[in-house]
Amino acid sequence: MDEKAIIRIGDRQFECPTIVGSEHEKAIDVRQLRGETGYITYDDGYGNTGSCQSAITYIDGDEGILRHRGYPIQELAEHSDFVESAYLIIYGELPTEDELRRFRARISGNANLHEGMLRILDHFPDDSHPMAILSVMLNAIGCHYSEMASNNREQDLDHFDWASTLLLAKVRTIAALTYRMKEGKPWMYSKPSFRYCQNFLHMMFSEPYQDFMPREEVIDALDLILLLHADHEQNCSTSTVRMIASSGANLFASVVGGVSALWGPLHGGANMEVVKMLQQIHDDGDDGSRFIAAAKDGKQRLMGFGHRVYKNFDPRSRLLRSRADKLFAKLEAPDPLLDIAKHLEDAALKDDYFIERKLYPNVDFYSGIILRAIGIPLEMFTVIFAIGRMPGWIAHWRELASHPKQKIHRPRQIYTGATERRYVPLEKR
Ligand code: ACO
């Protein structure tokens with residue numbers, strides 16, 4: 001594109017090139033700005049900063065559009081499943097039948113953990129948070145397969161297919177066994193013939209003397225939740241993964257950073273907070289109106305509402321609302337929290353406070369209610385998000401590591417501290 005951006009500072013003028021993406025998003029390329037003018041750009045929280053060029057996921061937050069590798073999320077939700085979508089996100093194309101069969105087989109065949117990892121897992125205190133355990137255990141995979149975690153980019157890329165398979169396979173096992181460890185129950189080994197989510201539910205809930213046999217609708221609902229979380233371009237955790245990867249760190253070390261970033265209540269932790277909020281509203285006998293009033297006063301946030309990018313419906317929340325309705329109709333076990341959530345959404349969408357700020361339900365608003373219906377304990381919600389987001393983290397690591405001219409990520413700052421001063425000896429302070 002020939003358009004140039006002109007930046008005028010005093011009587012000096014600087015021309016910046018512009019960049020246009022495949023969906024016509026535009027950026028001003030400021031890479032030479034500091035060298036030419038001494039100025040950096042300032043964008044606290046990176047709300048208006050493009051940190052990379054990426055071909056994985058496209059979001060138009062104003063229109064409520066989400067596409068992975070060009071495919072609309074609604075089509076993937078209807079026709080694909082989590083494992084196939086993971087392949088698409090990581091490798092860029094839908095797999096052929098043979099590619100998909102081999103991909104599934106690799107994941108099923110690598111689900112169990114090295115006995116050494118089971119010993120690590122056994123030594124966490126019972127009240128450890130599952131996200132803390134997950135971050136340790138993912139790095140531990142790298143310790144058991146050190147040739148794949150060399151921090152030598154070429155070598156790590158050579159092992160990428162296996163390393164990524166190990167992560168997709170074992171993240172689910174780690175999650176399930178963490179739950180069993182905390183419950184004081186024996187490990188359940190994976191069943192390679194089971195599909196991804198069926199196997200996860202088996203490792204979570206089967207007993208040595210009795211297999212857990214979930215309904216198809218339950219397996220499908222969990223699969224949909226994972227699929228809808230599979231990637232979301234440069235969100236906080238994925239940007240963290242890319243930041244770590246930019247230093248040359250291996251795939252395992254990089255995704256561990258993603259887990260830590262995801263843990264926070266403003267990101268992946270929000271799905272837990274939504275259910276706590278709905279429970280509180282229910283226990284207080286509020287129909288949601290008092291909570292909404294408090295949110296408008298800034299006393300609390302309506303969790304599961306608002307998004308840095310979506311200023312319209314998050315398409316994932318719509319898919320989950322309708323899936324929640326279908327699931328509860330099948331289960332014939334209504335959850336009062338679903339009614340409260342729907343009432344809150346309807347009320348907020350008519351309220352000027354939320355309308356003016358363009359606050360809509362995000363992916364976390366209904367996912368927690370579905371997870372509750374499946375029987376997943378609250379403490380595990382963010383771990384489920386991490387299982388779902390793993391393909392995205394892996395795809396972004398690969399995209400960055402494969403870039404021949406990739407530089408280390410290193411933002412600048414505006415320093416606001418003390419100017420130079422002399423050291424004062426202790427006795428004179
Ligand atoms: N409830 C009430 N008010 C809100 C909410 C909310 N959930 N979210 C934003 N606002 C208000 C803010 O108070 C602010 O109001 P002001 O302009 O009067 O000061 C305005 O909307 C803009 O909010 P910001 O915090 O500046 O928006 P930002 O883009 O930085 O934050 C975020 C986005 C973190 C998601 C925010 O909307 C939020 O905290 N939501 C609740 C937590 C949540 O659901 N997180 C999950 C996000 S999706 C994900 O990570 C998978």
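The values are calculated or read from the model by the stated rules, or taken from the named source; none is laboratory data. Values in this document were obtained by computation on a predicted structure and should not be read as measured data. For neighbour counting, all protein chains shown are included, and Cβ atoms are generated from backbone atoms with ideal geometry for every residue, glycine included.
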Quiz item: Which members of segment 1-55 meet the condition of being more than 32 Å from the chain's Cα centre (by Cα) and touching a residue at least 60 places away in the same chain (Cβ under 8 Å)?
Solution: ARG34
Practice problem: Return the only residue of LEU319, LEU331, LEU327 being within 24 Å of the chain's Cα centre (by Cα), surrounded by 15 or more Cβ atoms within 10 Å (Cβ to Cβ) and either more than 15 Å from the ligand (Cβ to nearest atom) or farther than 28 Å from GLU63 by Cα (or both). | Solution: LEU327
Quiz item: Of all the residues that make up segment 283-332, how many are within 19 Å of VAL218 (Cβ to Cβ) and assigned to a loop (DSSP other than H, G, I, E, B)?
Solution: 1
Quiz item: Within segment 259-311, restricting attention to residues that are more than 8 Å from the ligand (Cβ to nearest atom) and aromatic (Phe, Trp, Tyr), which residue is surrounded by the fewest Cβ atoms within 10 Å (Cβ to Cβ)?
Solution: TRP263
Exercise. Run down GLU25, GLU78 and say which single residue is away from the ligand (no atom under 16 Å from the Cβ) and in the same structural domain as VAL171 (by TED's automatic domain parsing).
Key: GLU78
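Among the residues of segment 342-353, is any without any contact (Cβ under 8 Å) to a residue 24 or more places away in the chain and over 30 Å from ARG67 (Cβ atoms)? First the steps, then the outcome.
Within segment 342-353, the subset without any contact (Cβ under 8 Å) to a residue 24 or more places away in the chain is 342, 346, 349-350, 352.
Narrowing the set further to residues that are over 30 Å from ARG67 (Cβ atoms) leaves 352.
Checked against the condition, which is being without any contact (Cβ under 8 Å) to a residue 24 or more places away in the chain and over 30 Å from ARG67 (Cβ atoms), segment 342-353 yields at least one hit.
Inside segment 183-230, can you point out the residues that are among the hydroxyl-bearing types (Ser, Thr, Tyr) and assigned to a helix (DSSP H, G or I)?
TYR196
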Exercise. Given the conditions (1) in a helix (DSSP H, G or I); (2) touching a helix residue (DSSP H, G or I) at 6+ places or on another chain (Cβ under 9 Å), report the number of the one that ALA111 does not fulfil.
Key: (1)
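So, GLN53, is that one under 21 Å from PRO411 (Cβ atoms), more than 16 Å from the ligand (Cβ to nearest atom), surrounded by 12 or more Cβ atoms within 10 Å (Cβ to Cβ) and of a type in the set (S, T, N, Q) or not?
Numbers: under 21 Å from PRO411 (Cβ atoms): yes; more than 16 Å from the ligand (Cβ to nearest atom): yes; surrounded by 12 or more Cβ atoms within 10 Å (Cβ to Cβ): no; of a type in the set (S, T, N, Q): yes.
So GLN53 fails the test.
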Exercise. Name every residue in segment 222-258 that is of a type in the set (D, E, K, R), more than 14 Å from the ligand (Cβ to nearest atom) and over 18 Å from ALA163 (Cβ atoms), in order of residue number.
Key: ASP223
Exercise. Please find, among MET148, MET137, MET117, MET181, the residue that is within 19 Å of PHE252 (Cβ to Cβ), more than 24 Å from the chain's Cα centre (by Cα) and in contact (Cβ under 8 Å) with a residue 24 or more places away in the chain.
Key: MET117
Exercise. State which residue pairs qualify: first residue over 13 Å from LEU344 (Cα atoms) and inside segment 280-291, second residue in a helix (DSSP H, G or I) and basic (Lys, Arg) in any location, beta carbons under 8 Å apart, and separation of 6 or more residues or different chains.
Key: ASP284/ARG290
Quiz prompt | Selection within segment 231-262 - outside any helix (DSSP H, G or I), farther than 24 Å from TYR310 by Cα and among the polar types (S, T, N, Q) | solution = SER246, SER247, ASN250
Quiz prompt | In segment 129-148, the residues that are in a loop (DSSP other than H, G, I, E, B) and either at pLDDT below 95 or within 17 Å of PRO391 (Cα to Cα) (or both) | solution = TYR145
Quiz item: What is the one condition in (1) out of contact with any strand residue (DSSP E or B) (no Cβ under 8 Å at 6 or more places or on another chain); (2) closer than 17 Å to LEU228 by Cα that ASP283 does not satisfy?
Solution: (2)
Quiz item: Could you say whether any residue in segment 114-127 is in contact with a Phe, Trp or Tyr (Cβ under 7 Å, 6 or more places away or on another chain), under 23 Å from ALA86 (Cα atoms) and in the same structural domain as TRP397 (by TED's automatic domain parsing)?
Solution: no
Quiz item: What is the number of the single condition among (1) part of a helix (DSSP H, G or I); (2) in contact (Cβ under 8 Å) with a residue 24 or more places away in the chain that ARG101 does not meet?
Solution: (2)
